[in-house]
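Presented below is the structure to which this report refers.
The values are calculated or read from the model by the stated rules, or taken from the named source; none is laboratory data. Just so it is clear, the model here is predicted, and its values are computed rather than measured. Note that each Cβ is placed from the backbone with ideal geometry, even for glycine, and that neighbours are counted across all protein chains shown.
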Amino acid sequence: MTRRSQSIVLIGMMGAGKSAVGLCLKSRTGFAQFDTDEIIRSKFRMSISDIFLAHGEEEFREAETEVLRKLSFARRAIIVTGGGIVSRKKNLDLLKQLGAVVWLEADEATLFKRAVQTGDRPLLQCKNPREAFSNTLRARLSLYAKIADIRVDTSALTDEEVAVAILSKFKKYRGKQAIEREQ
Ligand code: S3P
């Protein structure tokens with residue numbers, strides 16, 4: 001997190017609840033909210049599934065990096081990201097620069113149950129979505145862990161409860177950062 005940024009950056013696997021929690025945080029803080037998937041959808045004027053089909057995953061990932069770069073102006077914002085944003089190495093630094101990185105975790109079964117509910121996740125539109133989900137999660141866990149400043153387990157919490165937990169941890173985190181800067 002840069003010295004001037006007070007932003008909260010939500011990361012985590014599909015089904016972690018990032019978008020819903022982002023909205024709760026927006027109304028509790030009054031900060032602006034940016035959602036990388038939403039920005040990309042409006043840029044391409046099509047759904048994420050259609051972007052994957054028409055342009056391929058690589059172009060979608062490139063768009064994610066471009067959005068992170070453009071968001072570097074944000075100082076007091078809630079930034080919601082797509083679950084795969086950590087899969088590009090250069091995004092890890094960009095995410096860290098945007099604000100305090102909050103990893104929304106949950107147990108695998110809960111994440112999968114939530115992720116399949118909407119039926120619109122391109123990475124799960126395959127022969128064995130459960131296995132694809134498991135492999136993808138396994139590949140990403142260490143990346144989420146590496147860049148997270150704050151972790152919240154959302155498995156047994158409502159979106160509002162997650163938002164409250166984040167804000168409490170965020171306050172402590174910012175306090176600690178301020179003390180470290182003074183030393
Ligand atoms: C993706 C997660 C999605 C979206 C895209 C790719 C991923 O966002 O960015 O379908 O690779 O995990 P959510 O995490 O909001 O589902």
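Screening the range 71-183 for helices (runs of 4 or more DSSP H) wholly inside it with 1 or more residues that are of a type in the set (D, E) and touching a residue at least 40 places away in the same chain (Cβ under 8 Å) returns the ranges 159-182. Can F73 be described as surrounded by fewer than 17 Cβ atoms within 10 Å (Cβ to Cβ), farther than 26 Å from A156 by Cα and among the aromatic types (F, W, Y)? So F73 fits the description; yes. When S7, S42 are checked against the criterion of being more than 13 Å from the ligand (Cβ to nearest atom), buried (at least 16 other Cβ atoms within 10 Å of the Cβ) and among the polar types (S, T, N, Q), a single residue qualifies: S7. If I filter the range 46-65 for residues that are modelled with pLDDT of 95 or more, of a type in the set (D, E, K, R) and away from the ligand (no atom under 15 Å from the Cβ), do I get at least one hit? No, the range 46-65 has no match at all. When the range 85-123 is limited to residues that are surrounded by fewer than 20 Cβ atoms within 10 Å (Cβ to Cβ) and within 9 Å of the ligand (Cβ to nearest atom), the one that is nearest to I147 (Cα to Cα) turns out to be S87. Just one of the listed residues (F73, F133) is aromatic (F, W, Y) and within 15 Å of the ligand (Cβ to nearest atom), namely F133.
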